[in-house]
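Worksheet: the structure to be examined is printed underneath.
The values are calculated or read from the model by the stated rules, or taken from the named source; none is laboratory data. Nothing here was measured: the structure is a model prediction, and the numbers come from that model. Note that each Cβ is placed from the backbone with ideal geometry, even for glycine, and that neighbours are counted across all protein chains shown.
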């Protein structure tokens, strides 16, 4: 009976009226949904041929209507669903790309590698996006597309894809929130974002650091990248002299809080940075970045993790902000934050920053 009715509908295809042909398409589609065609290979093939042919003759609005109906079907006509996914109108292709369970990874990759950003964004919204597909999207996607992909917890990104995203986000503030807020972002990569994001996102990084268990922390550190300091630039001309001086003073036990503050007050910047990196066990480049950018929240993490007294941190803050008209007021504000910062969270964060020191040591060996 189904076959007979289908053939009756096919005969209507000879009707030249576009309105009648739209009725025909809807009729064949309705018949597909009410029949048991999925259990009969011959009928499924017939539905596929008829629907694909008719769809190709319809305007975009009619194709889009069909795509909406077919997007959630577990076993739709295979040729039809592929045709809809490749449609040149995103209004047609989008629903199928975003939801159809019948599209294979190969089908989706073919679209992801050849079509524009609207198509990539539709694919990025699928309940599950496999790693290979995510990598293709990361390679070709614009900022909006990457934000869509990163917001999807069902998108699986390899370690390499996450690294590509972070490298891009470091230079692109539009991606900062999407990257930091991605739950599956490896912890070491999350902490690479600390120095480039705004205060609100830094707080989120610190919150995640404070919640991580030791086993996860160790795993993240083991997986960390081996070339973290590559983009940090050359050492200052007086670095070797300053390092030699600080090592000598440290052997004598002469590196004290007043001495550190004195280096900063006397503009002996390189000595201060070498001493700070030695005492806090972080690399020189990280210490220099904190000072040059006047990153007082980052400095509070270093000082708290190293066990420095609040008064020493506040002294550093006032000296660093000495060109600021409201240096004392800002220092007091940061002092309150210093008190509220858990030392354990600071120490966990510092462990990621220390990776840069270890990397530099390996590179210099």
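For (1) over 21 Å from residue 104 (Cβ atoms); (2) touching a residue at least 12 places away in the same chain (Cβ under 8 Å); (3) surrounded by fewer than 16 Cβ atoms within 10 Å (Cβ to Cβ), each residue gets a yes or a no:
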{"site": "142", "(1), (2), (3)": "yes, yes, yes"}
{"site": "152", "(1), (2), (3)": "no, yes, no"}
{"site": "176", "(1), (2), (3)": "yes, yes, no"}
{"site": "184", "(1), (2), (3)": "yes, yes, yes"}
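Only one residue in 134, 124 is at negative phi, buried (at least 16 other Cβ atoms within 10 Å of the Cβ), touching a strand residue (DSSP E or B) at 6+ places or on another chain (Cβ under 6 Å) and not assigned by TED's automatic domain parsing to the domain that holds residue 66, so which one is that?
After applying the criteria, what remains is 134.
Please indicate, with yes or no, whether at least one residue in segment 344-357 is outside any helix (DSSP H, G or I), within 21 Å of residue 194 (Cβ to Cβ) and modelled with pLDDT of 75 or more.
No, that holds for no residue.
Can you find even one residue in segment 47-58 that is under 21 Å from residue 89 (Cα atoms), at pLDDT below 80 and surrounded by fewer than 19 Cβ atoms within 10 Å (Cβ to Cβ)?
The answer is yes, given that some residue of segment 47-58 is under 21 Å from residue 89 (Cα atoms), at pLDDT below 80 and surrounded by fewer than 19 Cβ atoms within 10 Å (Cβ to Cβ).
Of the residues 208, 182, 225, only one is at pLDDT below 90 and not in a helix (DSSP H, G or I); which? If you could, list the steps in order and put the result at the bottom.
Details: 208 fails: not in a helix (DSSP H, G or I); 182 fails: at pLDDT below 90.
The match here is 225.
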